[in-house]
1. Only one of (1) open to solvent by less than 50 Å² (accessible area, probe 1.4 Å); (2) touching a Gly at 6+ places or on another chain (Cβ under 7 Å); (3) at pLDDT below 95 fails for B:Glu7. Which number is that?
2. At least 1 residues that are free of Cβ contacts under 8 Å to residues at least 40 places away in the same chain and either within 12 Å of another protein chain (Cβ to nearest Cβ) or under 24 Å from A:Asp173 (Cα atoms) (or both) in each: list the helices (runs of 4 or more DSSP H) lying fully within region A:245-340 that qualify.
3. Just a yes or no: is a residue in region A:235-243 away from chain B (no Cβ under 13 Å), open to solvent by less than 20 Å² (accessible area, probe 1.4 Å) and at pLDDT 95 or above?
4. Look at A:Glu498 and say whether it is among the acidic types (Asp, Glu), open to solvent by less than 40 Å² (accessible area, probe 1.4 Å) and facing chain B (nearest Cβ under 7 Å).
5. For the structure I just gave you, tell me whether B:Thr220 is of a type in the set (S, T, N, Q) and surrounded by fewer than 23 Cβ atoms within 10 Å (Cβ to Cβ).
6. In this structure, is B:Ala96 of a type outside the set (Lys, Arg) and touching a Pro at 6+ places or on another chain (Cβ under 8 Å)?
7. Can you tell me which residue among A:Gly128, A:Gly172, A:Gly167 is away from every other protein chain (no Cβ under 11 Å), small (Gly, Ala, Ser) and out of contact with any Leu (no Cβ under 8 Å at 6 or more places or on another chain)?
8. Is it the case that B:Ala461 is within 14 Å of another protein chain (Cβ to nearest Cβ), surrounded by fewer than 23 Cβ atoms within 10 Å (Cβ to Cβ) and hydrophobic (A, V, I, L, M, F, W, C)?
Number of protein chains: 2
Amino acid sequence: MAQPLPEGISKAQFDEALIKLGEVVGPEWVFADSGGSLDSYKDAFSPVSEAEHRPSAAVAPNSVEEVQAIVRLANEYDLELSPISTGKNYAYGGPAPRKNGAIVLDLKRMNRILEVNEESAYALLEPGVTYIQLYEYLKENNIKLWIDCAAPGWGGVVGNTMDRGAGYTPYGDHVVMQCGMEVVMADGDVIRTGMGAMENSSSWQLFKYGYGPYLDGMFTQSNLGICTKMGVWLMPEPPGYRPFMITVPNEDDLYQLIETLRPLKINMVIPNAAFAVHMVYEAGVQAQKHKYFTGKGPMPPSAMKKMGADLGLGAWNVWGALYGPPPIMDVQWQAIEGAFRQIPGVKFYFEGDRSDTAWTYRSNLMQGIPNMTEFSLMNWDGSDGHASFSPISPVTGRDAVKQFELVREITNRYGFDYVGEFVIGWREIHHIVWMLYHRAKPEEMGRLQTCFKELIDAAAAAGYGEYRTHLAFMDQVKSTYNAFDNGLWKVNDRLKAELDPNGILAPGKSGIWPQK
Amino acid sequence: MAQPLPEGISKAQFDEALIKLGEVVGPEWVFADSGGSLDSYKDAFSPVSEAEHRPSAAVAPNSVEEVQAIVRLANEYDLELSPISTGKNYAYGGPAPRKNGAIVLDLKRMNRILEVNEESAYALLEPGVTYIQLYEYLKENNIKLWIDCAAPGWGGVVGNTMDRGAGYTPYGDHVVMQCGMEVVMADGDVIRTGMGAMENSSSWQLFKYGYGPYLDGMFTQSNLGICTKMGVWLMPEPPGYRPFMITVPNEDDLYQLIETLRPLKINMVIPNAAFAVHMVYEAGVQAQKHKYFTGKGPMPPSAMKKMGADLGLGAWNVWGALYGPPPIMDVQWQAIEGAFRQIPGVKFYFEGDRSDTAWTYRSNLMQGIPNMTEFSLMNWDGSDGHASFSPISPVTGRDAVKQFELVREITNRYGFDYVGEFVIGWREIHHIVWMLYHRAKPEEMGRLQTCFKELIDAAAAAGYGEYRTHLAFMDQVKSTYNAFDNGLWKVNDRLKAELDPNGILAPGKSGIWPQK
C-alpha cells in the first residue's frame, strides 16, 4: 500500500521536501515509503483501519536546532508534522498521526537526561527519555529518587505528561509534577516557560509559574508547539513502602467501596491514587478467558465467580500503598482497615501474602518500577487490538455505579467484556475501560466502533467527559465539550490560527483543525 | 485633580460611553469624577505617585451578562477596562489600574458563594467573594472545611488566585487548588474551562484539565480574559492542628536553617509552607522601631539584639504546623525537632507558650482564619506606604544567604530596613521583602524607587526572578524574563493581539501591552 501524501502537495514537492529534511537531519533519519521503514509508525492496536492514520514520512531530529529547521521547512513546503516523543501512546493512537499523510516528527533520538538534581528532587529531560531509561539511570547512579511511570514502562516521560497521563505513586498527577518546558513554536522560535524565561534562572525546574501568563497547560493535549525539554519532579525515596490489596466479593459493593475511599483519598490517608479494579481487568493480566468461558460474548457472572475463587480475586480489587516511616503507616493503615471492615466479605493482602502477577504488577507500579505487564491483558481473549475509553466522574458511589452500569450495559450489548478500573484521585475518578478486539475480524471491528461512539455519547449525556481519547474519536469527544456554543473551542481555534497560521503542527489533535 | 481619560478618546465620547455603561449596570454603579467617588480605586500604599495609576472611571456590574455587555461597549467605544475582584491587592497595586485612565471594572458586587460541596471539599465562587466572607459562611453553616487565605483577610479568593498568591495551610498553592474557571473573553464571549466546557458536566470543580489544551494558567497574571466564576478546593478540617514556632539566635543561622528545612519540606514532613521570618518583620507586627532605635536609617544589630530579647524573637523565626491525627503529628514533630536541635541556641514554641501578636497572627493564618494583622507592620516606623519585592529561589542555604545579603545590602544602603521572610514551599522559596516608606517625603520616595529598581536588576543578574510585582515595576520585571530574544513575551503579545485585538483588557498588566 503506497503511503499517502500530505494534503495539497504534489509528489515532486514532497520528494524535494524530503531531500531538504535529509539535509537537516541526515538522509538516514528521514523515513519514507521504502521497505517498510514506516511500519513502526503504525498504531498496531488501532480500533479503526490503519489506513486512516498513516504518515507520509517520518523525520527524526537530534537537536532543538534541527527541530527548528524542520519546522521552518514545514512552513515553506506546506508540510504537516505530527510530533511524537517515544510513540508508545497505545490505546490512544500510538505513534500514528491524527491526520492521514502527516509527517511524523519523531523525537526519540533526543533522549538525553540533561540533569538530575537529587537535593531538590527533579530531572530535566528531552522528549525521547523513556521511563525505563530514567529508572535505570537513577539506579545506576545510586540516586535516591523514584519515578512515577505509566503502566507500560517503554513510554516517554515527556510524551505522557503532554498527553496528561497519570501514574501510580503519590506523584501520579503528571501535570502537577511537571515544572518548566522548552517549546519550539510553529514559526521555529524557541521559548522557555516559567522561570526558564530568565536567561540565567536558578529556578526553572523549581517554580512552575514564572511571571505573567502561565502557558504550560496550553501546550498539553494540543498542537500549539513542540516540547523539546521538560522538568519533572521526582519523589524522594520514602523510609518505608507498604503496598496493599483489598478485595470485595460482589459487584454491588462498588457503591460502598467508593464511599469508603472518598474520605481516605481527600484526607490523603491513602497518598497515591487508589485503584478499584474489576475482576476481569485483574484476571486479564494473568489468566485466559477460555479457561473459564468458551461461549460467545462477555463472560457471564457464573464463570466470573469460579475465576475469582481460583485466582483469589474479588469482584472489585482495591490497590493502594503507604509511604513513610512505619509508625505513620501504622496509623494510616488502621484508618483504612477500619473503614473497609464495614464491607462484608472484605479481604486484605500485604507484601508476602500473594505471589501472582497482579500483585507484582501493581506493587511495582506503585513504587515506580517500570514494566510491561499491562500488555498481558492482550492474552485475555487473544485480542490484538485495544483502545481505552476514559471518562471522568466525581468520587461518589452514585456516580461510580451509574458509570459502571452504563458502560457495562453498552459494552456487553455489543458483545464485549467490561474490562475496567476506577482510578480514584484526590477529587475525581478516571474510569479507564479497556476495549479489547480482534483486528482481523471486520464484523467485530464494526461493532467495536459503533460501541465506542455510543459510549462517548451516552457518557456525555450523563455528564461524564473523557480526559483523553484515541485519534479516531478526538473529533467526537471534542463535540461533547460544546458548552456556550463551543466557546472553549472557538478560543482554541483562535490560538491555533495565531500561533500556527499555516497549520503545520499535528492537525486535528484533540479536535483542533487549522483554518485552511 | 481632574481624572484622566482613557487614551485616544474625547471627553464627549467618554461621557457618552459612561451613559451607555450606566444603561447596563444602572447609573448608580458608574463612578466618575464627582465628589471623590473614585478615591477607593487609588493604591493608597503606592511606591509611586498616585497620579500614575488613576482610573478615569469605574463600573460595577452585578452579573456575567452585564460584564459581557460592558466588554462589548468597551470594544465599541475604545475603552480600556482594568478588572479587579475586591481590589485589595495591596503591595502590588491594590485596586488601581496599570494604565492611567483605564476604567476599573469592579467585580465586588458579584460576590455570591454559588456552591459549597462538603463531601468533595470545594466551592464555586464569584470574584467578589472575600476570604472573610467565605470563612464566615462555612462557620455559619457548620461546614467542616477550611479555607486558605492570604494574610489580609479582606482580599478576594478569585483575585488572589488570578494573581497566583500563596497561603499558609497545606492548600497554600492557590493555583494548584483552583479547579475550573468561567471567563468572559475580550469579545464578550463566555467560556468555561476544564470539564465546564461540557454542558451538564458532573466534574467542573473536581477535575482541572478537561480535554484539549488546559487554558486556566493562561488567564492568570494576564489580561486575556475576565474570570467571572472559579472553583477552589477546600481542606477538610483535620483531626488535629499543631502550630509551632522555632527561633534561631543569629542571622548567620540562615544557611543551616534552610538546609534543615529543605528535606522536611520536600518529604512533606512539614505539610504547609514553612516561613523563616526575619526578626524585624516579626517584631514589626507588634512593636515600634523608635522604642529600640531613634537614629536614621536601618536598625543596627545592637538594637535588634535588645529587641529580640524583649520580644522573645530569634534573628530568624520559623513557623509551620502539623495537621492530622495526634500519633502522626508526634512522629512528624520528632523528625522536625531532631533536625533543628542541631542549630545551637534553637528554641521551640507551641500553643500556650506565647500570647504575643506574632503567635496569634501566624497560628490563625496556618489554620485559615482570616485576619488583618499584617497591616500592623505599618506601625513599625509609621510608614504609610508599602510594596513587596518578591523573588523566587531554590531551597538551598547558599541561595537564601546570597539573596538575604544582596537584598539587605541594597535596602540598607538606601536607608531602609530589611523586612523580609522566606516562604519555603515544596521546591522553591518565595522571598517576600516588605519595602516600607513615608509617601509624603519626596526624597524618601525617590530613594525607594531607585532602590526597588536596583533590587529587581540585581536579583535578575544573580538568577532570581520575581513571581509578582507592583504595577509600577511590571515592565521592568518583564524585561528580566528575556531569554531567547524575549521569546515568551512574543508569544504573550501574539495571544494578546489575537484574543483582545482592540486592547481593551488591562493594558500593561504583567508588561503585556496591546499592539496599538
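The values are calculated or read from the model by the stated rules, or taken from the named source; none is laboratory data. All values derive from a computational prediction rather than experimental measurement. Positions of Cβ are generated from backbone atoms using ideal geometry, with glycine treated the same way; all protein chains shown enter the neighbour counts. Please note that ligands, DNA and RNA were not included when accessible areas were found on the heavy atoms of the full protein model with its side chains. Shrake-Rupley method; radii C 1.70, N 1.55, O 1.52, S 1.80 Å.
1. The number of the failed condition is (1).
2. Values: elements: A:254-266, A:279-284, A:301-311, A:326-340.
Filter on region A:245-340 gives A:326-340.
3. Within region A:235-243, the first condition is being away from chain B (no Cβ under 13 Å), and the residues that meet it are A:241-243.
Keeping just the survivors that are open to solvent by less than 20 Å² (accessible area, probe 1.4 Å) gives A:243.
Cutting the leftovers down to at pLDDT 95 or above gives us A:243.
Yes, that holds for at least one residue.
4. On the way: among the acidic types (Asp, Glu): yes; open to solvent by less than 40 Å² (accessible area, probe 1.4 Å): no; facing chain B (nearest Cβ under 7 Å): yes.
Judged against the criteria, A:Glu498 is not a match.
5. Values: of a type in the set (S, T, N, Q): yes; surrounded by fewer than 23 Cβ atoms within 10 Å (Cβ to Cβ): yes.
When the stated conditions are applied, B:Thr220 passes them.
6. On the way: of a type outside the set (Lys, Arg): yes; touching a Pro at 6+ places or on another chain (Cβ under 8 Å): yes.
Yes.
7. Details: A:Gly128 fails: out of contact with any Leu (no Cβ under 8 Å at 6 or more places or on another chain); A:Gly167 fails: out of contact with any Leu (no Cβ under 8 Å at 6 or more places or on another chain).
Checking each option against the conditions leaves just A:Gly172.
8. Working: within 14 Å of another protein chain (Cβ to nearest Cβ): yes; surrounded by fewer than 23 Cβ atoms within 10 Å (Cβ to Cβ): yes; hydrophobic (A, V, I, L, M, F, W, C): yes.
Yes.
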